[in-house]
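*Asks:* I'd like to ask you about the structure that follows.
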Amino acid sequence: MKSESFTLKNGVRIFIYPTPYLESVSIAIGVSYGSMDDSDQTMGAAHFLEHMLFKGTKTRTVSQIKEEIRDMGIMWNAYTDFERTTYYFQAYKDNFPKMIELLSDLFLNSTIPKTEFELERGPVLNEELMREDNNQYFFWDHLPKALYKRHPAGRKMVGNRESIKGIKREDLLKIYQTYYTPQNTVVAIYGSVGIEVAKRLAEKYFSKFNKREVKKQRPLAREPQVKNEVTVRKENIKQAIIGVGFKCREFHPSTVRETTALITAARVLNYRITDEVREKRGLSYIQWASYFQLSTFGFIAVQAGVEPKKIQEVKGIILEEFEKMRKGQITEDDIKKAKEGLIAQYRILRENTMAMANSITSMTLTTGDYKYTENLPDLISQVKLADVKKYCKKYIKTKSYSSVILKPE
């Protein structure tokens with residue numbers, strides 16, 4: 001199916017991908033501002049602002065926004081990560097005109113109402129508490145900090161209780177007015193909508209978005225890989241969590257071959273970890289390997305949930321599998337299966353309009369080009385065994401690993 005991308009005169013990048021065989025359509029608006037752009041004093045402000053964009057605009061109260069979302073049956077949410085914040089709606093295709101008008105209003109005309117700001121501090125604090133109680137967030141809240149001691153990638157995405165309590169409405173207004181600019185914004189429309197209709201409405205609602213561009217200065221993560229073991233003890237838990245990772249370089253257009261090789265390597269590692277830890281030894285229920293990359297840093301890592309008495313055994317297995325990857329103990333068949341699995345997953349993903357809209361905005365904000373999303377299957381198919389061996393050897397230094405362990409008090 002033909003897709004279209006264009007940039008409005010004000011700098012907003014628009015991507016339209018029609019899939020008429022589906023019944024839903026999704027819109028994602030991504031802005032290049034995330035947790036690592038907060039200061040140490042305002043840690044969590046990017047995430048707090050994400051909440052506030054649903055709390056009132058120049059023409060809508062929070063009650064009216066909720067009512068319209070419910071009336072249209074919209075599935076909606078937003079998320080903040082290290083370098084970006086994304087807002088997204090999914091609805092039945094007939095509701096697209098009303099949906100894009102509503103989401104654009106929330107994004108462009110938020111007033112961050114004073115009363116709602118103080119009310120929302122409670123839910124934001126409770127989300128931080130939820131993350132503390134839910135061990136599955138442990139990896140994302142602690143491994144980046146173990147890997148990067150000085151780089152802002154180590155900041156918690158939602159902040160901590162102290163920082164959240166200290167955030168002022170003026171902090172959010174400053175971010176919104178300074179960094180929520182056309183040049184920092186990507187809009188992705190994916191699903192059952194015609195190109196001409198989507199294009200006309202996108203131009204209608206986003207062409208009058210005018211703010212002066214402010215370029216952010218984000219430091220690249222250039223810290224050397226050093227051994228760093230972090231253990232966190234917590235009361236009233238029964239399962240331990242272990243994460244082991246290694247730094248990789250940030251994304252750059254010149255490193256696409258490296259990026260796709262490491263995506264494939266992580267897939268191979270994921271198969272091996274699952275086989276060794278779960279299938280052969282029954283040591284874990286959830287375990288996975290992943291490669292994560294943004295414009296300023298990246299890492300390849302493994303996480304597993306285990307019985308506390310099995311921590312060292314599982315850690316040893318993980319490091320052993322990393323060492324095999326480092327030594328190039330990988331076969332052509334490993335690569336073939338990994339590539340087939342990745343490409344099949346991507347093709348399935350194309351039927352999920354919300355996931356695709358989010359993927360397009362995220363990839364564009366990281367790489368500067370939406371085509372990496374569209375071309376990912378072809379890029380993966382070109383990965384060679386030699387590429388995977390080369391980059392595993394470059395980044396996996398098993399004597400200098402970083403690890404995080406959560407265990408019972």
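*Asks:* Under 8 Å by Cβ, and 6 or more places apart or on different chains, what pairs join a residue from the stretch 365-392 that is at negative phi with one that is charged (D, E, K, R) and part of a loop (DSSP other than H, G, I, E, B)?
*Replies:* Matching pairs, first to second residue: LEU365/GLU83; LEU365/ARG84; THR366/GLU83; THR366/ARG84.
*Asks:* How many residues does the stretch 37-56 contain that are free of Cβ contacts under 8 Å to residues at least 24 places away in the same chain and touching a helix residue (DSSP H, G or I) at 6+ places or on another chain (Cβ under 7 Å)?
*Replies:* Qualifying residue count for the region: 0.
*Asks:* Please work out if TYR291 is among the hydroxyl-bearing types (Ser, Thr, Tyr), modelled with pLDDT under 95 and either closer than 17 Å to VAL404 by Cα or part of a helix (DSSP H, G or I) (or both).
*Replies:* Criteria not met by TYR291.
*Asks:* Within the stretch 386-409, can you find the residues that are part of a helix (DSSP H, G or I) and among the polar types (S, T, N, Q)?
*Replies:* Answer for the stretch 386-409, where residues must be part of a helix (DSSP H, G or I) and among the polar types (S, T, N, Q): THR398, SER400.
*Asks:* Which pairs have Cβ atoms under 6 Å, sit 6 or more apart or on different chains, and link a residue in the stretch 305-319 that is basic (Lys, Arg) to one that is crowded, with 20+ Cβ neighbours inside 10 Å?
*Replies:* LYS315/ILE242
Residue-wise test of (1) within 22 Å of TYR176 (Cβ to Cβ); (2) touching a Ser or Thr at 6+ places or on another chain (Cβ under 7 Å).
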{"residue": "THR59", "(1), (2)": "yes, no"}
{"residue": "SER63", "(1), (2)": "yes, no"}
{"residue": "MET72", "(1), (2)": "no, no"}
{"residue": "MET75", "(1), (2)": "no, no"}
{"residue": "TYR79", "(1), (2)": "yes, yes"}
{"residue": "LYS98", "(1), (2)": "no, no"}
{"residue": "GLU101", "(1), (2)": "yes, no"}
{"residue": "THR111", "(1), (2)": "yes, yes"}
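The rows are residues; the columns are (1) under 26 Å from LEU106 (Cβ atoms); (2) free of Cβ contacts under 8 Å to residues at least 24 places away in the same chain; (3) of a type in the set (Phe, Trp, Tyr); (4) not in a helix (DSSP H, G or I).
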site	(1), (2), (3), (4)
LEU125	yes, no, no, no
GLU132	no, yes, no, no
ALA146	no, no, no, no
TYR176	yes, no, yes, no
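*Asks:* Also: Taking the residues in the stretch 328-367 that are within 19 Å of ALA188 (Cβ to Cβ) and of a type in the set (Lys, Arg) as candidates, determine which candidate is surrounded by the most Cβ atoms within 10 Å (Cβ to Cβ).
*Replies:* By that ranking, first place goes to ARG350.
*Asks:* Give me the residue from the stretch 289-304 that is touching a residue at least 60 places away in the same chain (Cβ under 8 Å) and hydroxyl-bearing (Ser, Thr, Tyr) and, out of that set, surrounded by the most Cβ atoms within 10 Å (Cβ to Cβ).
*Replies:* Ranking the qualifying residues of the stretch 289-304, first place goes to THR296.
*Asks:* Here are the criteria: (1) assigned to a helix (DSSP H, G or I); (2) touching a residue at least 12 places away in the same chain (Cβ under 8 Å); (3) within 28 Å of SER290 (Cα to Cα); (4) β-branched (Val, Ile, Thr). Tell me which single one THR255 does not satisfy.
*Replies:* Every listed condition holds for THR255 apart from (2).
*Asks:* Still on this structure, please answer the following. Would you mention how many residues in the stretch 357-385 are under 16 Å from the mean Cα position of the chain (by Cα) and part of a helix (DSSP H, G or I)?
*Replies:* 13
*Asks:* Something else about it: Somewhere in the stretch 271-288, is a residue surrounded by 22 or more Cβ atoms within 10 Å (Cβ to Cβ) and in contact (Cβ under 8 Å) with a residue 60 or more places away in the chain?
*Replies:* No, the conditions are met nowhere in the stretch 271-288.
*Asks:* Yes or no: the stretch 213-220 includes at least one residue that is surrounded by 17 or more Cβ atoms within 10 Å (Cβ to Cβ), over 17 Å from SER402 (Cβ atoms) and among the acidic types (Asp, Glu).
*Replies:* From the stretch 213-220, those surrounded by 17 or more Cβ atoms within 10 Å (Cβ to Cβ) are 218; that's our starting set.
Keeping just the survivors that are over 17 Å from SER402 (Cβ atoms) gives 218.
Now restrict to residues that are among the acidic types (Asp, Glu): none.
Checked the stretch 213-220: no residue is surrounded by 17 or more Cβ atoms within 10 Å (Cβ to Cβ), over 17 Å from SER402 (Cβ atoms) and among the acidic types (Asp, Glu).
*Asks:* While we're here: May I ask you to say which residue of ARG155, ARG131, ARG121 is in the same structural domain as LEU8 (by TED's automatic domain parsing), over 30 Å from ASN10 (Cβ atoms) and crowded, with 21+ Cβ neighbours inside 10 Å?
*Replies:* ARG155
*Asks:* Within the stretch 354-395, which residues are out of contact with any strand residue (DSSP E or B) (no Cβ under 7 Å at 6 or more places or on another chain) and among the polar types (S, T, N, Q)?
*Replies:* Passing the criteria: SER359, THR366, THR367, THR373, ASN375, SER381, GLN382.
*Asks:* Let me ask something else. Quick check on my filter: what residues within the stretch 260-292 are under 19 Å from LYS384 (Cβ atoms) and touching a strand residue (DSSP E or B) at 6+ places or on another chain (Cβ under 6 Å)?
*Replies:* LEU262, ILE263, ALA266, LEU269, TYR291
*Asks:* ASN126 is checked against (1) of a type outside the set (Gly, Ala, Ser); (2) touching a Leu at 6+ places or on another chain (Cβ under 6 Å); (3) more than 22 Å from GLY30 (Cβ to Cβ) and fails just one. What number does that condition carry?
*Replies:* It is condition (2) that ASN126 fails.
*Asks:* Scan (1) closer than 30 Å to LEU22 by Cβ; (2) part of a loop (DSSP other than H, G, I, E, B) for the single condition GLN329 breaks and write down its number.
*Replies:* (1)
The values are calculated or read from the model by the stated rules, or taken from the named source; none is laboratory data. These figures come from a predicted structure and were not determined experimentally. Please note: Cβ atoms are built from the backbone with ideal geometry, for glycine as well, and neighbour counts cover all protein chains shown.
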